[in-house]
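The values are calculated or read from the model by the stated rules, or taken from the named source; none is laboratory data. Small disclaimer: the values here were computed from a predicted structure and weren't measured. Heads up, the Cβs are rebuilt from the backbone with ideal geometry, glycines too, and the neighbour counts pull from every protein chain shown. With ligands, DNA and RNA removed, areas are computed over all heavy atoms of the protein, side chains included. Shrake-Rupley method; radii C 1.70, N 1.55, O 1.52, S 1.80 Å.
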Amino acid sequence: MDMKEVERKWQARWTKEKLNEFDEKSTKPKKYVLEMFSYPSGAKLHIGHWFNYGPADSYARFKRMQGYNVFQPMGFDAFGLPAENYAIKTGVHPKDSTEKNIATMEEQLRAMGAMFDWSKEIKTCEENYYKWTQWMFLQLYKKGLAYRKEAPVNWCPSCATVLANEQVVDGRCERCDSVVVRKNLTQWFFKITEYAEELLSGLETLDWPEKTKLMQKNWIGKSTGCEIEFDCETGDKIRVFTTRCDTVFGVTYVVLAPEHPLARKLTTAGQREAVEKYILEASKATEIDRLSTTREKTGVFTGSYCINPVNGKRVPVYLADYVLASYGTGAVMAVPAHDERDYVFATKYGLPIEKVIENRDGETVLPFCEDGIVVGAINFDGLCGEEARDEIANHIAKLGKGGKKVNYRLRDWLVSRQRYWGAPIPIVYCPHCGTVPVPEKDLPVKLPYDVEFRPDGKSPLAKHEGFMHTTCPVCGGEATRDPDTLDTFVCSSWYYLRYADPENDRAPFSREAVDKLLPVDTYVGGAEHACMHLLYARFFTKALRDMGYLDFDEPFKRLVHQGVILGPDGNRMSKSHGNIVSPDEYVEEYGSDAFRLYLMFGFSYTEGGPWSDDGIKAIARFMDRVEKITLKVRDYPETNEPFGAEEKALDYARNYAIQHVTKDLEAFSFNTAVARMMELVNSVYKYDALPQKNTALLKATVRDFLLLLAPCAPHFCEELWEQTGGKGFIFEESYPVENPAALILDETEYAVQLNSKIVCKAMIPSGASNEEIEALALALPEVREKLGGKTLKKCIVVPKRLVNLIVG
RNA sequence: GCCGCUGUGGCGAAAUCGGCAGACGCGCGGGACUUAGAAUCCCGUGGGAGACCAUGCAGGUUCGAUCCCUGUCAGCGGCACCA
């Protein structure tokens, strides 16, 4: 079969008959199958795209044949850093390179032959999309979910520019190798923490991989503890969060993050120099390094003291970078006797270590970090663990120095980017009116084309007079725009909603369109998005629901992650590894169906693995075998005789395949689905070799087989369907359903075990009771021989699998 | 470092709820067809001469463990400005 020609032919027909478009008028149940949209950074589709979209499209087609009205849109996540970096390097404008890349990728995606509804395509960098991204920002702002505060950025002093984490290599700028420091800027945040509890509890309702839910749970990081206030001699108050308030009597010092607002204020003249030096050093370390439990602990004394509210003890205040400003209150109470890190730190700096918890069962070796009995705390001595924490927290609350508190590791979402290639933040700063949101009627705030990308200390937009200079929407006076753009994760947090209504120019989407299609039934994409994109999208959905734009709680009911296809050397494919494998040559040589089928068969979908093309020939051979037998059987005259054991076996194979392929496709277990289809082809060949054939059964089996294979090799099966006299499109046929009667066997092979060791196999009639099975097993010659004089103690029967005789 | 995942023949992999480890393929070996090769078709194929031994390694629970538990090693994904 000339696959190039066949692909062209069927793609043209599908497009002409709008086969791939969602049918607005259909009464069938809808099924929204969505793959994560592509980022057009490289010019071409890579194996990862294919591995995501090919098999997922087979799932969508399978659902279509099962009678669903399937919606499978595609688009581009087109804003982002790489296009801007490319512009800095080559001078090619991000808009131009992005549009060019998108054009290439669209063409390749069409050539894949997936059932994408291109009539609903979206590109996040287009005005009619980012207008609504800006609208989202304004709604969140109105709802009090967007606010400004200071936050650190990576700053390269030499390039005078903000760097992404990716651009910082070993603490240095990837462009000029200067040491990167952290610098505070006032930036926009979304209050995702307001939804922490619901983002956590909502996980229970989702059909998502358990590991993904667990990762989100840990990312949100709920912990129940106590907030405690330590009064400083300066009159300032240090608030700390602890999950171990039962150890508060053992506090021997307090630690602030170097970025803590009180850090400098509490520093005494004598310590000034050391503290400044330390703060600068700390600004160079990455957060990952700072959280490392094996890294040498460092810190510096501020010169100040504060008072432990429970016992009035005066303890020193230190700065140390193992405390993060972004977690909890940015300050901790240190209890070296009962915390590993505090113990190490106290030992290093000669700070006292006071034991206030004792091990209930045995010697107390410090640091003792488990629950134990409180000692040396007069009113609380003898209390233990949760009970102690409860009493002590209540006591602290009575003192007016804090109390029980739930804390989350989740932080608010920083959305400001000091970059060009993104959606401008729709905010104006007016000397008289302050921070003013751009009125919705004035959206979009257009991204100007003529900008200077060269990094020179200012965001590209900040240097653009025409963009920056504006009038205040409130007072009409002179004002300036926010020079920053939005994080691209903002664009991708609501795109699945826009697909429902992409042309709408009065709203991001109509309620009617969204009600019809959303939520997404099955979302397919990489596991690397487990904590960020997938959490942000959930947050957007919940916020939009609370603003009355939606009436569902979760955007993605079911989630599936495809694995990562690595380079042949086992490393992630990258230019630097020089191990990139392009799908193009394979598609060219074998055709898109064979390539898709190979991806489905050769790898576990959720695991991925190193690339290897061993076996792609086997897929080509399999398809040849299918074509050959299909055409051969087509030309047989029809006979209904005979129907004996051979026919029963073929019918069993046919129905077994239907049953398992259906189950496996539903589970995204594509490799086993293809294996079951190969088994059926083998059975058909075997049957066809018989001298006497029931060709009616054979023809029906081949027909079912083509239907089974169609979602996985769509062009190929359409062609064979047509060549065997099928009418219309194969994708308008129903997926086969197994006949349970054909799957009932008279007897099943059991493994017979004696004391859990296999002795022999035995055929046991279906429907035999456990007693009958036991008797049959005991009567077997192999069993009698090995049994000797031993008596039966117990008999374990696992239906349709084994019988285990325990003797002694 | 922290969070999560993975580890099974020469290779890709499979194994429902703890129940016959290795389905389906690749590769390899043998055979058929052919002047010959390619292609195709058929048979065999975890290791071991064997009792037996095998699911990264060391233990544990169980009648029975690839699966559950403890420890450990290796690889992969993420760690909040790559997307």
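Inspection of region A:174-186 identifies at least one residue that is away from RNA strand B (no atom under 14 Å from the Cβ), of a type in the set (S, T, N, Q) and either assigned to a strand (DSSP E or B) or more than 24 Å from A:Leu447 (Cα to Cα) (or both).
Here are A:Gly171, A:Gly144, A:Gly235: which of them is open to solvent by 10 Å² or more (accessible area, probe 1.4 Å), more than 27 Å from the chain's Cα centre (by Cα) and under 25 Å from A:Gly548 (Cβ atoms)?
Numbers: A:Gly171 fails: under 25 Å from A:Gly548 (Cβ atoms); A:Gly235 fails: under 25 Å from A:Gly548 (Cβ atoms).
Answer to the selection: A:Gly144.
Restricting to region A:464-516, and then to whatever is aromatic (Phe, Trp, Tyr) and within 26 Å of the chain's Cα centre (by Cα), can you tell me which residue is most open to solvent (accessible area, probe 1.4 Å)?
Kept after step one, since they are aromatic (Phe, Trp, Tyr), are these residues of region A:464-516: A:467, A:489, A:494-496, A:499, A:509.
Next cut, within 26 Å of the chain's Cα centre (by Cα) only: A:489, A:494-496, A:499, A:509.
Working: A:Phe489: 53, A:Trp494: 0, A:Tyr495: 1, A:Tyr496: 0, A:Tyr499: 0, A:Phe509: 15 Å².
Of everything passing the filter in region A:464-516, A:Phe489 is most open to solvent (accessible area, probe 1.4 Å).
For region A:201-216: of the residues being open to solvent by 30 Å² or more (accessible area, probe 1.4 Å) and more than 10 Å from RNA strand B (Cβ to nearest atom), which is farthest from A:Leu410 (Cα to Cα)? Give the derivation first.
The initial filter retains those residues of region A:201-216 that are open to solvent by 30 Å² or more (accessible area, probe 1.4 Å), namely A:201, A:204-205, A:207, A:209-211, A:214-215.
Adding the requirement that they be more than 10 Å from RNA strand B (Cβ to nearest atom) leaves A:201, A:204-205, A:207.
Details: A:Ser201: 14, A:Glu204: 18, A:Thr205: 20, A:Asp207: 22 Å.
Per the criteria, the residue is A:Asp207.
Considering every residue within region A:370-390, establish whether at least one is modelled with pLDDT under 85, within 16 Å of RNA strand B (Cβ to nearest atom), at negative phi and open to solvent by 50 Å² or more (accessible area, probe 1.4 Å). Yes, region A:370-390 contains at least one residue that is modelled with pLDDT under 85, within 16 Å of RNA strand B (Cβ to nearest atom), at negative phi and open to solvent by 50 Å² or more (accessible area, probe 1.4 Å). Residues of region A:302-357 that are surrounded by fewer than 21 Cβ atoms within 10 Å (Cβ to Cβ) and of a type in the set (Val, Ile, Thr): A:Ile307, A:Val310, A:Val315, A:Thr329, A:Val344, A:Thr347, A:Ile353.
Report yes if A:Ser604 is modelled with pLDDT under 95, surrounded by fewer than 17 Cβ atoms within 10 Å (Cβ to Cβ), under 25 Å from the mean Cα position of the chain (by Cα) and away from RNA strand B (no atom under 14 Å from the Cβ), otherwise no. No. Counting just the residues of region A:187-199 that are in a helix (DSSP H, G or I) and within 13 Å of RNA strand B (Cβ to nearest atom), which one comes out nearest to A:Val560 (Cα to Cα)? Going through the qualifying residues, I end up with A:Leu199. The single condition from (1) surrounded by 21 or more Cβ atoms within 10 Å (Cβ to Cβ); (2) modelled with pLDDT of 95 or more; (3) touching a Gly at 6+ places or on another chain (Cβ under 9 Å) that A:Ala257 fails is (2). Taking residues in region A:571-582 that are within 16 Å of A:Trp50 (Cβ to Cβ), and partners anywhere that are of a type in the set (Asp, Glu), the pairs with Cβ atoms closer than 9 Å and at least 6 places apart or on different chains are A:Val581/A:Asp613.
For region A:607-625, indicate whether the set of residues that are within 13 Å of RNA strand B (Cβ to nearest atom) and of a type in the set (S, T, N, Q) is non-empty. Yes - at least one qualifying residue is present in region A:607-625.
Determine, yes or no, whether A:Asn739 is open to solvent by 10 Å² or more (accessible area, probe 1.4 Å), touching a residue at least 24 places away in the same chain (Cβ under 8 Å) and over 29 Å from A:Lys28 (Cβ atoms). Quick ask: steps written out before the conclusion?
Values: open to solvent by 10 Å² or more (accessible area, probe 1.4 Å): yes; touching a residue at least 24 places away in the same chain (Cβ under 8 Å): yes; over 29 Å from A:Lys28 (Cβ atoms): no.
In short, no.
The conditions of being within 30 Å of A:Leu776 (Cβ to Cβ) and either open to solvent by 30 Å² or more (accessible area, probe 1.4 Å) or within 16 Å of RNA strand B (Cβ to nearest atom) (or both) are met by A:Tyr656.
A:Phe643 satisfies every condition listed in (1) open to solvent by 50 Å² or more (accessible area, probe 1.4 Å); (2) under 25 Å from A:Gln11 (Cα atoms); (3) not in a helix (DSSP H, G or I); (4) not charged (D, E, K, R) except (2).
Just to be sure, is A:Arg625 open to solvent by 40 Å² or more (accessible area, probe 1.4 Å) and either touching a residue at least 60 places away in the same chain (Cβ under 8 Å) or of a type in the set (A, V, I, L, M) (or both)?
Details: open to solvent by 40 Å² or more (accessible area, probe 1.4 Å): yes; either touching a residue at least 60 places away in the same chain (Cβ under 8 Å) or of a type in the set (A, V, I, L, M) (or both): yes.
Judged against the criteria, A:Arg625 is a match.
Identify all residues within region A:517-575 that are of a type in the set (A, V, I, L, M), more than 9 Å from RNA strand B (Cβ to nearest atom), open to solvent by less than 20 Å² (accessible area, probe 1.4 Å) and in a loop (DSSP other than H, G, I, E, B); write none if there are none. A:Leu518, A:Leu550, listed by residue number. Filtering region A:108-129 for residues that are at pLDDT 95 or above, of a type in the set (Phe, Trp, Tyr) and within 30 Å of A:Tyr327 (Cβ to Cβ) leaves an empty set. Taken over region A:379-427, the criterion of being out of contact with any helix residue (DSSP H, G or I) (no Cβ under 9 Å at 6 or more places or on another chain), in a strand (DSSP E or B) and either β-branched (Val, Ile, Thr) or farther than 19 Å from A:Ser492 by Cβ (or both) is satisfied by A:Asn407 alone. Total residues in region A:661-675 satisfying the condition of being part of a helix (DSSP H, G or I), within 11 Å of RNA strand B (Cβ to nearest atom) and surrounded by fewer than 20 Cβ atoms within 10 Å (Cβ to Cβ): the figure is 5. Residues in region A:180-200 that are more than 25 Å from A:Ala285 (Cβ to Cβ), surrounded by 18 or more Cβ atoms within 10 Å (Cβ to Cβ) and not hydroxyl-bearing (Ser, Thr, Tyr): A:Trp188, A:Phe190, A:Ile192, A:Ala196, A:Leu199, A:Leu200. If you go through region A:451-463 and keep only what is closer than 18 Å to A:Lys183 by Cα and open to solvent by 40 Å² or more (accessible area, probe 1.4 Å), you end up with A:Asp456, A:Lys458.
Looking across region A:416-447, the residues that are more than 15 Å from RNA strand B (Cβ to nearest atom), within 25 Å of A:Pro94 (Cα to Cα) and open to solvent by 20 Å² or more (accessible area, probe 1.4 Å) come down to A:Asp442, A:Pro444, A:Lys446.
Across region A:129-155, the qualifying residues are those that are part of a strand (DSSP E or B) and in contact (Cβ under 8 Å) with a residue 40 or more places away in the chain, and the one among them that is nearest to RNA strand B (Cβ to nearest atom) is A:Val153.
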